[in-house]
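The values are calculated or read from the model by the stated rules, or taken from the named source; none is laboratory data. As the structure is a computational prediction, the values presented were derived from the model and not from experiment. Note that each Cβ is placed from the backbone with ideal geometry, even for glycine, and that neighbours are counted across all protein chains shown. These area figures cover heavy atoms from the full protein model, side chains too; ligands, DNA and RNA do not enter into them. Shrake-Rupley method; radii C 1.70, N 1.55, O 1.52, S 1.80 Å.
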Amino acid sequence: MPSRLPAALLLVLPLLLPACVAPTYVNIPSEGGIAASDPNSFNVRDVVADSIAAAVEREPLEGVYEILLPEGTTQQTYQAVVRQIGGGAIAPDTLRDRPVPSVRVVAVRIRNQDAEVDVVRPSPTGRSVVRVFLKWYYGGDWAVQRVKPLRIPAEELLLRTATPPPPPDAEDSGE
């Protein structure tokens with residue numbers, strides 16, 4: 001019997017490891033609390049790349065377009081996301097001779113195996129805000145479940161998700 005225990009562990013352990021390393025609770029922009037808010041984590045990077053690709057596939061853009069990721073995103077993350085998306089995606093620092101449309105990731109929410117990403121992109125229908133729903137499957141792959149246009153102006157979404165200013169310190173308020 002003791003010889004079967006290590007064999008059973010070898011079969012079960014690889015199934016548990018991905019769940020141990022993947023962030024399971026993410027809010028970008030941060031809402032405070034215990035949720036992670038690093039836009040450079042591999043999990044967020046994958047969710048964002050899949051979401052941008054799905055949003056652009058829903059209503060294709062002609063030619064190249066720049067991607068704008070959440071505040072705090074590093075150049076390495078931009079390059080990884082651009083490579084993952086492929087097609088006409090470029091980073092904001094890419095030299096260009098004319099203006100190009102922008103696809104902006106406004107918010108990312110990950111809850112265990114479910115994720116939602118709010119994306120703002122040009123749309124001929126006037127519904128420029130979409131929410132992309134994703135599901136994580138064992139083995140480490142995210143898959144887009146659906147892309148839902150929202151009936152909200154892009155400006156309103158951007159205001160809702162803007163980072164609020166920090167509260168004034170007690171020292172600054174004269175107390």
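Of all residues in the range 73-85, those that are polar (S, T, N, Q) have Cβ atoms under 6 Å from Cβ atoms of residues that are part of a helix (DSSP H, G or I), 6 or more apart or on another chain, in Thr77/Arg45; Gln84/Ala49.
Just wondering, is there one or more residues in the range 152-167 that are within 12 Å of the chain's Cα centre (by Cα), assigned to a loop (DSSP other than H, G, I, E, B) and either surrounded by 14 or more Cβ atoms within 10 Å (Cβ to Cβ) or modelled with pLDDT under 90 (or both)? No, that holds for no residue. Taking the range 26-81 as the range and being open to solvent by less than 30 Å² (accessible area, probe 1.4 Å) and over 18 Å from Val120 (Cα atoms) as the test, the residues that pass are Val26, Ala35, Ser41, Asn43, Thr77, Ala80. In this structure, is Arg109 open to solvent by 20 Å² or more (accessible area, probe 1.4 Å), within 19 Å of Val132 (Cβ to Cβ), without any contact (Cβ under 8 Å) to a residue 60 or more places away in the chain and not β-branched (Val, Ile, Thr)? Criteria not met by Arg109. Quick check on my filter: what residues within the range 93-106 are under 26 Å from Glu156 (Cα atoms) and surrounded by 12 or more Cβ atoms within 10 Å (Cβ to Cβ)? If the condition is that a residue be under 26 Å from Glu156 (Cα atoms) and surrounded by 12 or more Cβ atoms within 10 Å (Cβ to Cβ), then Val100, Pro101, Ser102, Val103, Arg104, Val105, Val106 are the ones that fit. Listed here are the strands (runs of 3 or more DSSP E) enclosed by the range 43-140 that have at least 3 residues being closer than 22 Å to Asn27 by Cα and within 10 Å of the chain's Cα centre (by Cα): 102-111, 114-120. For Ser128, the conditions (1) open to solvent by 60 Å² or more (accessible area, probe 1.4 Å); (2) in contact with a helix residue (DSSP H, G or I) (Cβ under 8 Å, 6 or more places away or on another chain); (3) at pLDDT 90 or above all hold with the exception of (1).
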